[in-house]
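Each remark here refers to the structure printed beneath this line.
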Amino acid sequence: MTGRVGEGGAAAALTGVGARLPSPLLDVRDDRFDARGVRLALKRDDLIHPEVVGNKWRKLTPNLTAAGRRTVVTFGGAYSNHLRATAAAGRLLGLRTLGVVRGDELADRPLNPSLARCAADGMRLRFVDRATYRRAAEPEVLAALLAALDLAPEDAYVVPEGGSNPLAVQSCVPLGRELRGRADVVAVACGTGGTLAGLAAGLDPDQRALGVPVVGGGFLTEATAGLQRATFGELRGTWSLDDRFHWGGYARVPAPLREFADDFARRHGLAVEHLYVAKLLWALLKLTEEGAFPAGTRLVAVVTGRPGPETGGQG
């Protein structure tokens, strides 16, 4: 089904093709958490929309509304869930999309399943070298990119990598509000910090948000704080990040992590997405075993996505 962005905006249009809000909160009985007196629940944002999944729905809809009829230009790596969600939303809404992909060495290779899905949904792909990609937010570099793509600045609406900007952060605040009074700690996997920034702002003062980065580098604390300041003019909520559980970086899914994800799926009947959700759940189990959560803690894990095309994550 292909629609058009009308007066109600992208959120209304995508709701018309199957969005489900608020997403369900499901209790999980897992003996590994139960043994420590920790009550685990899953916030099933992966069920919000059949194609624009989870936090991608929350972050993209205000930006797609703001885009109007302009071409949506956004950024991501070869296995980017954000690119795939943007391409799907573009197809559903009748919007033109263009994905700038990190790594010009990929241009002459067959598309992997994730990028092939983007192309099938109508997204134009442009591969750029990694040095240019790192500078893509700089105005002069962005202007040169748009010119090379035959796009006038007024005809393009630029969404940053991961979809994280003030519009997206504000759109993630309801995620926190949906969990008020229902958790002590709410944890989410992080790639760019936008979901954590909004989630934390929406929680009650006596709740805290925990971010689990899926990328290395230790930059997400500063990035999340910057997003909150850009959105609200100040820091909001109680939040922190634990950088120990990225398993070597984005798209790296070693065999022990795959085995853990498969075991969790067997225990609870949930197909576990590997790049974000598996790392989140692994982190929460290890933190529970370390005693990071006192007995009686109500712990919620936000399931931000579900398995997509095979990523071929590196071991």
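Below is a table of values for the structure above.
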{"read-out": "Residue within region 89-96 that is touching a strand residue (DSSP E or B) at 6+ places or on another chain (Cβ under 9 Å) and small (Gly, Ala, Ser) present", "value": "yes"}
{"read-out": "Residue match in region 177-197 (condition: over 17 Å from residue 45 (Cβ atoms) and either without any contact (Cβ under 8 Å) to a residue 40 or more places away in the chain or assigned to a helix (DSSP H, G or I) (or both))", "value": "yes"}
{"read-out": "Residues (under 10 Å from residue 173 (Cα atoms) and either open to solvent by 10 Å² or more (accessible area, probe 1.4 Å) or hydrophobic (A, V, I, L, M, F, W, C) (or both)) located in region 189-198", "value": "196, 197"}
{"read-out": "Filter pass, residue 167 being in a helix (DSSP H, G or I), at pLDDT below 95 and open to solvent by 10 Å² or more (accessible area, probe 1.4 Å)", "value": "no"}
{"read-out": "Hits in region 53-77 - residues which are among the polar types (S, T, N, Q), open to solvent by 10 Å² or more (accessible area, probe 1.4 Å) and closer than 22 Å to residue 120 by Cβ", "value": "71"}
{"read-out": "Residues satisfying the stated conditions in region 147-164, i.e. without any contact (Cβ under 8 Å) to a residue 12 or more places away in the chain and either crowded, with 17+ Cβ neighbours inside 10 Å or in contact with a helix residue (DSSP H, G or I) (Cβ under 7 Å, 6 or more places away or on another chain) (or both)", "value": "153"}
{"read-out": "Helices (runs of 4 or more DSSP H) lying entirely in region 199-315 (those with 3 or more residues that are open to solvent by 30 Å² or more (accessible area, probe 1.4 Å) and either among the basic types (Lys, Arg) or touching a residue at least 40 places away in the same chain (Cβ under 8 Å) (or both))", "value": "220-232, 255-268"}
{"read-out": "Residue that is farther than 25 Å from residue 274 by Cα, of a type in the set (A, V, I, L, M) and touching a residue at least 40 places away in the same chain (Cβ under 8 Å), where the choices are 83, 92", "value": "92"}
{"read-out": "Selection count, region 98-127, where residues are without any contact (Cβ under 8 Å) to a residue 40 or more places away in the chain and open to solvent by 10 Å² or more (accessible area, probe 1.4 Å)", "value": "17"}
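This table checks each residue for (1) aliphatic (A, V, I, L, M); (2) closer than 30 Å to residue 295 by Cβ; (3) open to solvent by less than 20 Å² (accessible area, probe 1.4 Å); (4) at pLDDT below 95.
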position: 8; (1), (2), (3), (4): no, no, no, yes
position: 14; (1), (2), (3), (4): yes, no, yes, yes
position: 21; (1), (2), (3), (4): yes, no, no, yes
position: 32; (1), (2), (3), (4): no, yes, no, no
position: 44; (1), (2), (3), (4): no, yes, no, no
position: 51; (1), (2), (3), (4): no, no, no, yes
position: 79; (1), (2), (3), (4): no, no, no, yes
position: 90; (1), (2), (3), (4): no, no, yes, no
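The values are calculated or read from the model by the stated rules, or taken from the named source; none is laboratory data. The structure displayed is predicted, hence computed values, not measured ones. In this analysis, Cβ positions are derived from the backbone assuming ideal geometry, glycine residues included, and neighbour counts consider all displayed protein chains. Remember, those area values only see protein heavy atoms, side chains included, never the ligands or the DNA or RNA. Shrake-Rupley method; radii C 1.70, N 1.55, O 1.52, S 1.80 Å.
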